[in-house]
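Below is one structure, written out as structure tokens, with a few remarks after it.
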Amino acid sequence: MINLKLIIFLIIFALGEKCVIFPYLKLFKLNILRMRIKIFTLSLAAVLLLGVQLSAQKVKNERFTVAYTQLPSNPLDNEFTTYRVNLYGSGYIHGHSIFESGKITRQSAMNKINLGGFKKVTGNAHVRVQISVGNARTVKNEVGKKVTEKKSKDGKVTKTTSYFMQYHYYMPVSYRVYDYHGNLIHEAQITNLENVEQIKGSSFNTYSKAYEDWKKRRLNTLNNSAASYVRNAMNSVNASVNYRYGYPHRSEREEIKIVKKHSSEDDFVKAYETTNAAFAKVKADAPMETIAADLQPAIDFWMGYDKYPADDRKLKRVRYACLFNLTTVYYWMDDMENANKYATECLKIDYKEGGVKRYVDKIRRMKQSFQENGVDSRHFFIDVEAAAAPSNNVEVAAPEEEEANNASMTGNLVLADGTAIEGDVVVNTEDGSDLVFGPKGNVVFNYKADGKDVSNSLNPAEIQSFSFNGRSFKVMDFTPGAKGNKTSGKHILEVIYDSPRIQLFKYYPYDDQLGDKKVEFALLKKNEPAPTSTSSTPFLLFKKGLAKYFEDCADLSELAAAGEIAHTEEGLVQAARIYAEVCEERP
């Protein structure tokens, strides 16, 4: 095939620029070039336009708000139109009722309960909600510590220890619902051991500073925390009761899809604006009389989804947007048949199925809810003010209230056979005394075994150890030194100070017959067989006895001999810390 460009080039080259035909050939060549540039420009424009139409298409979400009435999961008979709320329990924390703290009142707590679609009354009522707020259970009450390491440029590691108070607790809150015949309809535990509130105090460089700061702030901190805990629990009760029986008014933020950078973008925007305006007029307590007409222009536009083939990789997202929007508006128009129809059609596209599948599930559940409630809409009026209470109520017993002087804490117990148990430790401090162990004592460890309730008085012959409220107790071989008590054997000792080199214990008699209330402490050094009571014979002359006990640490022995160590818990903790942290350990 002859190449025209080559022939023209050879003629021009052979004849030179003076050739008569040169101007014509040159003009011919220039016109061909211009034509090619024009074709290229038009082609490029077409490609760019196609790219804008297809490649750059993007589905964007725009939101609108819709009001509706939430339907109950367990609807009551239509005759049930009134309700009453009663609050029981004192919510004791740190020795006082949270309702006497000035942070929350019983009335403000009960005001949190509002059963939608029912009239609140103070006398006879079709529905009676009884709420119980139990006393705080202390899970942890101790000073914690954190050691941080910082490495300098020369490789030297510096350790810094910080101390802070840790107070963990929970307050058991539950509720019961009775009808006016006295039948128990429902009961639920709202908060328990799984709902522990954790308070952390400020950090300090010493144990004592952290503890002293906590003592100053404890009352106000616990009152604020417990009041917030109870308010949150009341909100949970309200949500639970309304979920089962109420018709509360709700609003939801929903999505409408808009396809950006497409020839129909303006139509999508107009359809969204139409939807937003239409649902803005919808009220939860009124029928949607004009919603269909208000939404018709948007629906007509989305109904053109068939123009966008589902098998076209680019255009199927436009089809998806139209069908998703139809599903959404029909769902909120309470037309579940059409909503399900377009959701099913949308799933056939095989594009972003997650949101549509969620709608399919919501549609199924809403159909069931309509059937259970005997309605076909979530938009209707309930005349609460016209509700009349029943003429009589069958009274029901109030929940048993915990004693104000009982402190209940989560604890752990190890039986003599090594079985570990978690339960509740109840301490009755009515007489103001410290812990008293024995059948007539004020401490009981409650737990379940083989489905039965067990109350253990913590007999040292039957247990190895137990702990609660940040306190740890061991059963050890020990000979008390108190006057008249020379019984050696297994006894309850509380760990007051613990270190690898030395431990300090506080002794608690079990079923004490002597009535000797004198506090007794015991020391146990590393490698010693059993603790030694600081009230025993070697310590009759306390200064001399303590100096001899610590004779393996000259500085501490000298302090003891000089009377610088008091025979108190604080004094003995001081001695133990000096021995563990200052005195050099002998081989």
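Data table
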read-out	value
Wholly enclosed strands (runs of 3 or more DSSP E) of the range 66-170 bearing at least 2 residues under 30 Å from ILE496 (Cβ atoms) and more than 25 Å from the chain's Cα centre (by Cα)	137-151, 157-170
Answer from ASP334, ASP311 - the residue that is on the phi > 0 side of the Ramachandran plot, among the charged types (D, E, K, R) and not in a helix (DSSP H, G or I)	ASP334
Condition broken by TYR359, with the remaining ones in (1) within 35 Å of the chain's Cα centre (by Cα); (2) at pLDDT 95 or above satisfied	(2)
Failed item in (1) more than 30 Å from TYR308 (Cα to Cα); (2) assigned to a loop (DSSP other than H, G, I, E, B); (3) not hydroxyl-bearing (Ser, Thr, Tyr), with HIS262 passing the rest	(1)
Residue within the range 288-295 that is in contact (Cβ under 8 Å) with a residue 60 or more places away in the chain and within 30 Å of LYS120 (Cα to Cα) present	yes
Pick from the range 189-199, criterion modelled with pLDDT of 95 or more and over 15 Å from THR138 (Cβ atoms), ranking: surrounded by the fewest Cβ atoms within 10 Å (Cβ to Cβ)	GLN189
Checklist (1) modelled with pLDDT of 95 or more; (2) of a type in the set (A, V, I, L, M); (3) touching a Ser or Thr at 6+ places or on another chain (Cβ under 9 Å) applied to LEU219, failing item	(1)
Residue among TYR308, TYR330 that alone is modelled with pLDDT of 95 or more, of a type in the set (Phe, Trp, Tyr) and either over 36 Å from the mean Cα position of the chain (by Cα) or surrounded by 21 or more Cβ atoms within 10 Å (Cβ to Cβ) (or both)	TYR330
Hits in the range 259-304 - residues which are farther than 20 Å from MET336 by Cα and surrounded by 19 or more Cβ atoms within 10 Å (Cβ to Cβ)	VAL259, HIS262, PHE268, ALA271, TYR272, THR274
Count of residues meeting criterion [part of a strand (DSSP E or B), over 25 Å from the mean Cα position of the chain (by Cα) and at pLDDT below 75] in the range 403-426	2
Failed item in (1) among the basic types (Lys, Arg); (2) crowded, with 18+ Cβ neighbours inside 10 Å; (3) within 20 Å of PRO390 (Cβ to Cβ), with LYS103 passing the rest	(3)
Pair list, Cβ under 7 Å, 6 or more apart: the range 511-530 residue more than 22 Å from VAL443 (Cα to Cα) and assigned to a loop (DSSP other than H, G, I, E, B), other residue at pLDDT below 95 and basic (Lys, Arg)	LYS526/ARG501
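The values are calculated or read from the model by the stated rules, or taken from the named source; none is laboratory data. The model shown is predicted, which means the values in this text are computed figures rather than measured ones. Every residue, glycine as well, gets a Cβ built from its backbone with ideal geometry; the counts of neighbours run over all protein chains shown.
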